[in-house]
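Okay, structure first, notes after.
The values are calculated or read from the model by the stated rules, or taken from the named source; none is laboratory data. Treat the numbers as computed from the prediction; the structure is a model and nothing was measured. When we count neighbours, we look across all protein chains shown, and the Cβ atoms used for this are built from the backbone with ideal geometry, even at glycine.
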Amino acid sequence: MKIGIVCYPTFGGSGVVATELGKALAKAGHQVHFITYSQPQRLDFFNENLYYHEVNIPSYPLFQYPPYESALSSEMVQVVAGSELDVLHVHYAIPHASSAYLAKQILAAQGIHIPVITTLHGTDITLVGKDESYAPVVTFSINQSDGITAVSESLRQDTFSHFNITKEIEVIPNFIDLERFNRQKKEHFKKAICPGDEKLIVHTSNFRKVKRIDDVISIFEKLRKLMPSKLLLVGDGPDRARIERRCKDLDMCSDVRFLGKLDAIEEVLSVADLFLLPSESESFGLAALEAMACEVPVISSNVGGLPELNVHGYSGFLSDVGDVDDMVKNAAYILDDSRLETFKANALARAKEFDIAKILPLYEAYYEKVVENA
Ligand code: GMT
């Protein structure tokens, strides 16, 4: 098939999923056209089936807010018509679903029919999308999509409860490339960070409020009193500066390191003993899946799609949002030397259920169904 993929080209989960999906589809022989405003972060290899079309957003003194949606729709029109695409798959509803709707109408006027699939990722529904500034457009454009997928059953339910959706939503969970995400031998790295053989705790995120990084710090502050441990924080975002200050105030600087944004996240995960994800809301928790694939058990909150990924008492533990004491208790339980290796093996076993080799055929079958029925 000839497939157009529209996404945010950044480190964010939706962009990562879209890019990895496009790469896998190209490897499977499909022709994949990325339509984004800059080169997607993980589009880091050459394949004869992969194409990249940059959305050009000209500036003009009149524009306080350059009309990205119009530029995106125009690029979609050109790529669909020029490359004769079979389907347009947009990731993250805002504003990609409404831009796709507009492109579809323009193409229809030219006699070209293009089925549109929208994949919902999380904050486009649970946080940003339901804001009344966006909700009417989000509702309309989701309903106008020929196919709709959500990355977890929880997100599917949330979509029906927040919006008046009149169509079916297919759940296709996120996936992991186990060839990239696996536990590599990085003993020198572990020794450098944990010279006293301390336990290594890792958290990765975009440092937004929804991630509750304060809980990460509170969990670690209590845990380091129970056992020698170090914390690595990967990523960047609005809460980082405040959290760095808090670590200084708590006199924890010698045990906490901020690594900033990192591409080779699997190298850090390869030396980790435990991953923390105490989020307030999480439609899937791709960061936790990446950790599990690298044999890292997960302490997470029990919200959204996390219970569909992290199996309580097997690959890690789930607690109520904000229940720091329960998370500390569970973390100490996992990190006990008599149990840690079992939890690591379980984390990997669970991650294997989300192997891209299992999930890719679900997308291919869904594309075929939508194209046939559209
Ligand atoms: O987590 C974020 O804030 C980023 C966000 C995104 O859209 O990039 O992630 C969402 O999509 C990911 C990929 O499907 C999911 O794994 C994350 O759970 C989801 N984030 C939230 O629901 C908060």
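Some points to look at:
- Filtered by the rule that a residue be touching a residue at least 60 places away in the same chain (Cβ under 8 Å) and assigned to a loop (DSSP other than H, G, I, E, B), the range 162-174 gives Ile172, Pro173, Asn174.
- Residues being in contact (Cβ under 8 Å) with a residue 60 or more places away in the chain and surrounded by 18 or more Cβ atoms within 10 Å (Cβ to Cβ) - total across the range 211-228: 7
- Residue in the range 233-255 that is over 28 Å from Val128 (Cα atoms) and within 24 Å of the chain's Cα centre (by Cα) present: no
- Residues in the range 206-230 that are within 13 Å of the ligand (Cβ to nearest atom) and out of contact with any His (no Cβ under 9 Å at 6 or more places or on another chain): Asn206, Phe207, Arg208, Lys209, Val210, Arg212.
- Whichever residue in the range 101-135 is under 25 Å from the mean Cα position of the chain (by Cα) and more than 16 Å from the ligand (Cβ to nearest atom) and, among such residues, is surrounded by the fewest Cβ atoms within 10 Å (Cβ to Cβ): Glu132
Yes or no, residue by residue, for (1) at pLDDT 95 or above; (2) within 21 Å of Glu372 (Cα to Cα); (3) surrounded by fewer than 13 Cβ atoms within 10 Å (Cβ to Cβ); (4) more than 21 Å from the chain's Cα centre (by Cα):
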site: Gln41; (1), (2), (3), (4): no, no, no, no
site: Leu50; (1), (2), (3), (4): yes, no, no, yes
site: Val55; (1), (2), (3), (4): yes, no, no, yes
site: Ser59; (1), (2), (3), (4): no, no, yes, yes
site: Ala71; (1), (2), (3), (4): yes, no, no, yes
site: His96; (1), (2), (3), (4): yes, no, no, no
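- Condition check for Lys185 on (1) within 30 Å of Asp337 (Cβ to Cβ); (2) at pLDDT 95 or above: one failure, at (2).
- Qualifying residues in the range 150-180 (those that are β-branched (Val, Ile, Thr) and more than 17 Å from Tyr92 (Cβ to Cβ)) - the one farthest from the ligand (Cβ to nearest atom): Thr166
- Checking each residue in the range 267-289 for being over 20 Å from Ser218 (Cα atoms) and touching an Asp or Glu at 6+ places or on another chain (Cβ under 7 Å) picks out only Leu269.
- Criterion: among the charged types (D, E, K, R), more than 13 Å from the chain's Cα centre (by Cα) and within 21 Å of His121 (Cα to Cα) - qualifying residue of Glu266, Glu280: Glu280
- When residues of the range 1-36 are limited to those that are within 15 Å of the ligand (Cβ to nearest atom) and assigned to a loop (DSSP other than H, G, I, E, B), the one surrounded by the most Cβ atoms within 10 Å (Cβ to Cβ): Cys7
- Residue match in the range 353-363 (condition: under 30 Å from Gly29 (Cα atoms), of a type in the set (Phe, Trp, Tyr) and in contact with a Gly (Cβ under 9 Å, 6 or more places away or on another chain)): no
- Test: Phe258 is hydrophobic (A, V, I, L, M, F, W, C) and within 16 Å of the ligand (Cβ to nearest atom): no
- Boolean, Leu233 is closer than 21 Å to Asp326 by Cβ, within 16 Å of the ligand (Cβ to nearest atom) and surrounded by 23 or more Cβ atoms within 10 Å (Cβ to Cβ): no
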